[in-house]
Amino acid sequence: ETRKGFPLFVSSLRQLFAGEPSALGGIEEIVLLGEEQEPGAVDHIRGELSPLKISVVHIGGLDSDEAHMYLAANASDSLVVVPSLAENFPYAVIEASSIPNIHLLCSQGGGIPEVFGGRGGDHLFEPYPAALAAKLRECLLSPGLSTPVPAYDAAAANERWLQFHQ
């Protein structure tokens with residue numbers, strides 16, 4: 001759906017392709033993971049990205065555990081992008097950050113920075129196409145994509161919540 005940032009993601013990829021197409025050379029496929037909330041959105045994205053000549057695959061119908069298993073199985077050679085424009089407490093980011101060695105980029109929209117507790121600045125971008133395009137370029141052209149994201153520290157978050165109520 002639109003608030004999940006797919007137009008931002010598409011614009012960023014197209015901008016990167018226009019400015020430095022070689023940055024996308026190592027991408028075998030783009031996987032859209034999750035339910036299609038807006039009918040026709042996946043086909044629209046495929047059409048918008050067709051000039052890139054990169055396969056766009058949609059995987060929907062997975063529950064949280066199945067999505068986690070999919071990401072874990074592909075963590076070592078993937079870059080996961082969460083381009084959300086608005087989030088309160090993003091479970092998808094929390095769950096993804098718990099996968100060892102995952103390479104994750106997230107917008108700074110809503111509560112996403114709080115998930116990383118000030119430790120995830122390298123994995124965040126302003127929710128604008130130029131900012132995401134720059135972050136994608138950086139990750140795709142550097143060895144190893146990017147450094148693994150710091151995992152969500154549930155114990156520290158719980159402690160802060162308890163202290164707040166005391």
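How many percent of all Cα-Cα pairs in the range 57-107 sit more than 19 Å apart? Percent of Cα pairs beyond 19 Å in the range 57-107: 24. Loop-located trypsin sites (Lys or Arg not before Pro) across the range 115-166 with a Cβ neighbour count of 16 or fewer within 10 Å are 119, with loop assigned by DSSP. Per-residue ellipticity at 222 nm, computed for the chain from helices alone with -39500 (n - 2.57) per DSSP H run of at least four residues, works out to -12500 deg cm²/dmol. Report, to the nearest whole %, how much of the accessible area of the chain belongs to carbon and sulfur atoms, 1.4 Å probe, protein only. So the carbon and sulfur contribution to the accessible surface is 54 percent. Inter-label distance, residue 38 to residue 130: 2.4 nm, where each label sits 7 Å from its Cα along the C-beta direction.
Taking all protein chains as shown and a probe of 1.4 angstrom, residue 165 keeps an accessible surface of around 110 Å².
Extension gain residue 14-residue 29, at 0.36 nm per residue separation less the Cα-Cα distance, in nm?
Numbers: separation 15, 0.36 × 15 = 5.40 nm, distance 1.48 nm.
Contour length minus Cα-Cα distance gives 3.9 nm.
Ligands, DNA and RNA are left out, and with a 1.4 angstrom probe the accessible area of the range 1-137 is 52 Å² per residue.
Both radii are taken from the alpha-carbon atoms of the chain; with Rh as the Kirkwood radius, Rg/Rh is 0.97.
Value of Rg to Rh for the range 9-63, rounded to two decimals, is 1.00; Kirkwood radius and Rg both from alpha-carbon coordinates. Helix 6-19 and the long axis of the chain differ in direction by around 50°, with both axes built from C-alpha atoms.
The values are calculated or read from the model by the stated rules, or taken from the named source; none is laboratory data. Everything quoted here is computed from the prediction, not taken from an experiment. Quick reminder, even Gly has a Cβ in these numbers, built from the backbone with ideal geometry, and neighbours come from all protein chains shown. Ligands, DNA and RNA are excluded from the accessible area calculation, which covers all protein heavy atoms including side chains. Shrake-Rupley method; radii C 1.70, N 1.55, O 1.52, S 1.80 Å.
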